[in-house]
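J.: Below is a structure I'd like to ask you about.
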2 protein chains.
Amino acid sequence: MCNAIRRMVTLASIREAMVRIRESIVVTPFLHSEKFSRLTGNTIFLKLENHQITGSFKERGALNKILGLTEDERRRGVISASAGNHAQAVAYHSTKRGIKSQICMPVMTPLVKVTATRDYGAEVVLIGANYEEACEDALRRCKEQSLTFIHPFDDDAIIDGQGTLGIEMLEQHDDLDVVLIPVGGGGLIGGVSSAVKEMNPKIQVIGVQSSKIASMKAALERNQPVTLPPSKTIAEGIAVRTAGTHTFPLVRKYVDEVVTVDEEEIASAIFLLLEKEKTLVEGAGAVTMAAVLNNKIPHRGKKIGILVSAGNIDVSLLSLIIKRGLVKDGRLVRLRIHLPDHPGALEKLAAVIAKQKANIVETLHDRTYYGVVLGDSVIDITMETRGTGHILELTTALEGAGYAFERVL
Amino acid sequence: MCNAIRRMVTLASIREAMVRIRESIVVTPFLHSEKFSRLTGNTIFLKLENHQITGSFKERGALNKILGLTEDERRRGVISASAGNHAQAVAYHSTKRGIKSQICMPVMTPLVKVTATRDYGAEVVLIGANYEEACEDALRRCKEQSLTFIHPFDDDAIIDGQGTLGIEMLEQHDDLDVVLIPVGGGGLIGGVSSAVKEMNPKIQVIGVQSSKIASMKAALERNQPVTLPPSKTIAEGIAVRTAGTHTFPLVRKYVDEVVTVDEEEIASAIFLLLEKEKTLVEGAGAVTMAAVLNNKIPHRGKKIGILVSAGNIDVSLLSLIIKRGLVKDGRLVRLRIHLPDHPGALEKLAAVIAKQKANIVETLHDRTYYGVVLGDSVIDITMETRGTGHILELTTALEGAGYAFERVL
């Protein structure tokens, strides 16, 4: 079956999915966050789907679809197109049940994702310049080889599976006022909003997208799915250019509002979730926290459930986000300081810095560029500091000692 | 009261502590780890105490002690000496109950810890060159000002509080074969082992220390606490030079074995817990996972509960650990490559690297050092790679193209 299942997503169908998948899915923690509650003036609970086995909620939908296959369909195998969490979810749960899986990925997919998907037992086909081309190829193979296509979102079996998260969240905390859900193609929020609103229509359901590619918001404005131009975002897990035709009507019916967050806000939420809540979240999983932290919703004093949907972030990217987070907090600063080019000059400078208790972590010395006067040199010094107040003390001390410098950003 | 409470730690006293503190302590997740189970051939469960409000288990003991104070003691306030998690735990739970707290810290304590403790409402006194001196001062102040001293581990009220973790772990999974507990002064393992062994003597309790400062292991060997020389470890939360006099007899009675792990093993466990399990753990909290990953215990096919005790790691240190983890995995490599010093030389080299699909992230060009022949230059190129196999492909291609190079470690 290369066409998606289309019937109706109802609370009943989501409950059936729940019964089907429950045994193989982690009931992830839904923890109170004292720090974020204080920071935002609400009572914040974090639903940590990054603790799902393959690191994202995607298993719920993929598994529900897989468990609905006939004996014959299982024997023939499944196919999908995805470079991300859906690929790993399909691969893992197919392999676990002895079902062959093929995943078509664009040729430029980062190799860490290819490897992860292969490690879960899928045959990875690298094909096409982008997701759309990989998907076309997957559909062609699906027909040629009589496989079952597992769409990442626009299939009611997938939507039912993702919807189980709505039931689970209300089972864990039944008195929520608001839930925040990341939105890409709409499979997750389509399912979760159906479950939540049918169980308790008083709960507000708010979707969050990256402002770089807010296709569901655009669909709501035009009252139909529209295709946005491609765009790069660190929330690549929800970078979907066109809302689903199955998911859009559910979102229109059940979701109260879709808001957007920008790249800086997402990066900052990743950093804060790591440092304050000790949990590793990818861009797509951090948009919900970013929305609350940046006042994209007006609520105060409410009990808010925040879906942290996935944690598969590249750790090299994480390392960059940490550095930028420290710079933003004033806990890491780089100054370009002019100093005379003779023995002892660095010692004198280092003494001033040491007195202010800033910790030097990197230096770069130059005598040629940055408009240096001949006979002088310039040094870029990166230091660990205690915050913006400490940086001010440091720069005041440097001025007092007669140094010319500027802050490097 | 500047003397520690000394009566008996029993399952009954730990149960009393449980009743006392339960309402104010997070019941932290105790999650199955499929990845670590597969990696180690056991069934691994991670008890994530890094999700405690101040990021560590220390709240359990501190809170139990605080809740045991008389009206008069509360009014006079508490004092402690600590540069770490115990300080934050005491500060947070004192302030929350309107009790004044003073924390003595060595003058060279990293300012991020000072700030965190102050933010929780404590008065921080920076005094003494090391922990021992800060502690002496705290005891002096304790007597002068008639305060209550809250010892980080060697007090039976503290041990009872930490012991609640043992009850909680067995409430969550009652069929464990083994539990692994980090060991510093012994407060945590003293309490947990008492609870676990009294509830089910068949469960093995294994302690883990940093090999840099294995004072409990030394105490067991000599049959009494001994003082080890100071030593630096990334597991600074368990860098205790002398086992406690209250805790040691409990460890001797209840703990089956104490094993040690080295710095590389700890760093690697921090990296794996972050990348595979999406959870941020500090050195002291990662020693248990490090012990299992490095075969410090002989178990196979067992159900093992791993206490991940704390997550308050400096994120700058984390950033370093990530980089080293990537290097160790062959996912980041630096090569020092000799190349002729003329236009186009870098282009040719970059083409060879691009063909192998390694991603260049940093370059450093030099014509003076590293024994460069005049007329040649040397370039350090740092690249993202896919693992050791990929590095071999890359270096083979460079050799094939006639480049002289070495790997920089």
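The values are calculated or read from the model by the stated rules, or taken from the named source; none is laboratory data. Note that the structure is a prediction, hence the values are computed from the model and not measured. So basically every Cβ, Gly included, is an ideal-geometry build from the backbone, and we count neighbours across all protein chains shown. What goes into the accessible areas is simple: the full protein's heavy atoms, side chains included, and nothing from ligands, DNA or RNA. Shrake-Rupley method; radii C 1.70, N 1.55, O 1.52, S 1.80 Å.
J.: Residues in segment B:384-399 that are touching a helix residue (DSSP H, G or I) at 6+ places or on another chain (Cβ under 9 Å) and modelled with pLDDT of 95 or more: how many? Write out each step before concluding.
T.: Taking segment B:384-399 first, the residues touching a helix residue (DSSP H, G or I) at 6+ places or on another chain (Cβ under 9 Å) are B:384-387, B:390, B:394, B:397-398.
Filter again for modelled with pLDDT of 95 or more, leaving B:394, B:397-398.
Result for segment B:384-399: 3.
J.: Filter segment A:95-111 down to the residues that are under 26 Å from B:Asn359 (Cβ atoms) and away from every other protein chain (no Cβ under 13 Å), then identify the one that is most open to solvent (accessible area, probe 1.4 Å). Give the steps one after another, and end with the answer.
T.: Of segment A:95-111, the ones under 26 Å from B:Asn359 (Cβ atoms) are A:103-111.
With the extra rule that they be away from every other protein chain (no Cβ under 13 Å), the set shrinks to A:103-106.
Numbers: A:Ile103: 0, A:Cys104: 0, A:Met105: 0, A:Pro106: 19 Å².
Among those that are under 26 Å from B:Asn359 (Cβ atoms) and away from every other protein chain (no Cβ under 13 Å), it is A:Pro106.
J.: Also, quick follow-up: Working only within segment A:1-23, note down all residues that are of a type in the set (A, V, I, L, M) and more than 26 Å from A:Ala81 (Cα to Cα). Spell out the reasoning first.
T.: Within segment A:1-23, the subset of a type in the set (A, V, I, L, M) is A:1, A:4-5, A:8-9, A:11-12, A:14, A:17-19, A:21.
Correct list: A:Leu11, A:Ala12, A:Val19.
J.: Return the pairs, sorted by first residue and then second, in which the second residue is of a type in the set (S, T, N, Q), the first residue lies in segment A:207-229 and is more than 17 Å from A:Phe153 (Cα to Cα), the beta carbons are less than 7 Å apart, and the residues are 6+ apart or on different chains.
T.: Final answer for the pair search is A:Ser210/A:Thr233; A:Ser210/A:Thr260; A:Ser211/A:Thr260; A:Lys212/A:Ser231; A:Lys212/A:Thr233; A:Leu228/A:Ser215.
J.: Just checking, does segment A:305-320 include any residue being open to solvent by less than 10 Å² (accessible area, probe 1.4 Å), among the β-branched types (Val, Ile, Thr), within 13 Å of another protein chain (Cβ to nearest Cβ) and more than 22 Å from A:Lys47 (Cβ to Cβ)?
T.: Yes; the residues of segment A:305-320 include at least one that is open to solvent by less than 10 Å² (accessible area, probe 1.4 Å), among the β-branched types (Val, Ile, Thr), within 13 Å of another protein chain (Cβ to nearest Cβ) and more than 22 Å from A:Lys47 (Cβ to Cβ).
J.: With respect to B:Gly161, determine if the residue is surrounded by fewer than 22 Cβ atoms within 10 Å (Cβ to Cβ) and small (Gly, Ala, Ser). Give the derivation first.
T.: On the way: surrounded by fewer than 22 Cβ atoms within 10 Å (Cβ to Cβ): no; small (Gly, Ala, Ser): yes.
When the stated conditions are applied, B:Gly161 does not pass them.
J.: Please enumerate the residues belonging to segment A:325-365 that are surrounded by fewer than 19 Cβ atoms within 10 Å (Cβ to Cβ) and within 11 Å of chain B (Cβ to nearest Cβ).
T.: A:Asp329, A:Lys357, A:Asn359, A:Val361, A:Leu364
J.: Grab the strands (runs of 3 or more DSSP E) fully contained in segment A:101-201, keeping just those with 2 or more residues being of a type in the set (Gly, Ala, Ser). Full working, then the answer.
T.: Details: elements: A:101-105, A:123-126, A:178-182.
Filter on segment A:101-201 gives an empty set.
J.: Report yes if A:Met169 is touching a residue at least 12 places away in the same chain (Cβ under 8 Å) and open to solvent by 10 Å² or more (accessible area, probe 1.4 Å), otherwise no. Quick ask: steps written out before the conclusion?
T.: Details: touching a residue at least 12 places away in the same chain (Cβ under 8 Å): yes; open to solvent by 10 Å² or more (accessible area, probe 1.4 Å): no.
No, not satisfied.
J.: If you don't mind, there's one more thing I want to ask. Mind telling me which of the residues A:Gly68, A:Gly77 ends up being small (Gly, Ala, Ser), in contact with a Leu (Cβ under 7 Å, 6 or more places away or on another chain) and closer than 28 Å to A:Leu165 by Cβ? Break it down into steps so the answer makes sense when it comes.
T.: Working: A:Gly68 fails: in contact with a Leu (Cβ under 7 Å, 6 or more places away or on another chain).
Sole residue among the options that is small (Gly, Ala, Ser), in contact with a Leu (Cβ under 7 Å, 6 or more places away or on another chain) and closer than 28 Å to A:Leu165 by Cβ: A:Gly77.
J.: While we're here: Go through the residues of segment B:112-125 one by one and say whether even a single one is within 14 Å of chain A (Cβ to nearest Cβ) and touching a Phe, Trp or Tyr at 6+ places or on another chain (Cβ under 7 Å).
T.: Taking segment B:112-125 and keeping what is within 14 Å of chain A (Cβ to nearest Cβ), we get B:112-121, B:124.
Retained after the next criterion (residues that are touching a Phe, Trp or Tyr at 6+ places or on another chain (Cβ under 7 Å)): B:120.
Yes, the conditions are met somewhere in segment B:112-125.
J.: Could you run through segment A:132-146 and say how many residues are in contact with a strand residue (DSSP E or B) (Cβ under 7 Å, 6 or more places away or on another chain) and either of a type in the set (Ser, Thr, Tyr) or surrounded by fewer than 22 Cβ atoms within 10 Å (Cβ to Cβ) (or both)?
T.: Count: 4.
J.: Now a separate question. Hey, which of the helices (runs of 4 or more DSSP H) in segment B:1-94, taking only ones fully inside, have at least 1 residues that are crowded, with 24+ Cβ neighbours inside 10 Å?
T.: Values: elements: B:11-21, B:34-40, B:58-67, B:71-76.
Those helices (runs of 4 or more DSSP H) span B:11-21, B:58-67.
J.: For the structure I just gave you, tell me whether A:Gly77 is more than 16 Å from A:Ser24 (Cβ to Cβ) and at pLDDT 95 or above.
T.: Numbers: more than 16 Å from A:Ser24 (Cβ to Cβ): yes; at pLDDT 95 or above: yes.
Yes.
J.: State whether the residues of segment A:347-358 include one that is touching a Phe, Trp or Tyr at 6+ places or on another chain (Cβ under 6 Å) and within 30 Å of A:Ala269 (Cβ to Cβ). Step through it out loud before you land on a result.
T.: At the first step, the residues of segment A:347-358 found to be touching a Phe, Trp or Tyr at 6+ places or on another chain (Cβ under 6 Å) are none.
No: segment A:347-358 contains no residue that is touching a Phe, Trp or Tyr at 6+ places or on another chain (Cβ under 6 Å) and within 30 Å of A:Ala269 (Cβ to Cβ).
J.: Cβ contacts < 6 Å: first residue farther than 16 Å from B:Leu307 by Cα, restricted to segment B:264-276; second residue part of a helix (DSSP H, G or I) and among the charged types (D, E, K, R), any location; separation 6+ or different chain. Result?
T.: Within 6 Å, the pairs are B:Lys276/B:Lys35.
J.: Which one is nearest to the other protein chains (Cβ to nearest Cβ) among residues in segment B:259-291 that are aliphatic (A, V, I, L, M) and surrounded by fewer than 24 Cβ atoms within 10 Å (Cβ to Cβ)?
T.: Here is the first cut: in segment B:259-291, the ones aliphatic (A, V, I, L, M) are B:259, B:261, B:266-267, B:269-270, B:272-274, B:280-281, B:284, B:286-287, B:289-291.
Remaining after also requiring surrounded by fewer than 24 Cβ atoms within 10 Å (Cβ to Cβ): B:259, B:267, B:272.
Numbers: B:Val259: 25, B:Ala267: 14, B:Leu272: 11 Å.
Per the criteria, the residue is B:Leu272.
J.: Among the residues of segment B:359-379, write down those that are of a type in the set (A, V, I, L, M, F, W, C) and assigned to a strand (DSSP E or B). Step through it out loud before you land on a result.
T.: Taking segment B:359-379 as the starting set, the residues that turn out to be of a type in the set (A, V, I, L, M, F, W, C) are B:360-361, B:364, B:372-374, B:378-379.
Result: B:Ile360, B:Val361, B:Leu364, B:Val378, B:Ile379.
Residues are listed down the side, and each one gets a yes or a no for (1) without any contact (Cβ under 8 Å) to a residue 60 or more places away in the chain; (2) in contact with a Ser or Thr (Cβ under 8 Å, 6 or more places away or on another chain); (3) over 27 Å from B:Gly166 (Cβ atoms):
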residue: B:Asn42; (1), (2), (3): no, no, no
residue: B:Asn85; (1), (2), (3): no, yes, no
residue: B:Ser94; (1), (2), (3): yes, yes, no
residue: B:Pro106; (1), (2), (3): yes, no, yes
residue: B:Arg118; (1), (2), (3): yes, no, yes
residue: B:Gly128; (1), (2), (3): yes, no, yes
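J.: Okay, moving on. If you go through segment A:209-227 one residue at a time, how many are farther than 16 Å from A:Ile181 by Cα, in contact with a helix residue (DSSP H, G or I) (Cβ under 7 Å, 6 or more places away or on another chain) and open to solvent by less than 40 Å² (accessible area, probe 1.4 Å)?
T.: Selection size over segment A:209-227: 2.
J.: So, in segment A:308-346, how many residues would count as being within 17 Å of A:Gly84 (Cβ to Cβ) and touching a residue at least 12 places away in the same chain (Cβ under 8 Å)?
T.: Residues of segment A:308-346 within 17 Å of A:Gly84 (Cβ to Cβ): A:308-318.
Filter once more, keeping what is touching a residue at least 12 places away in the same chain (Cβ under 8 Å): A:308-314, A:317-318.
Of the residues in that region, 9 qualify.
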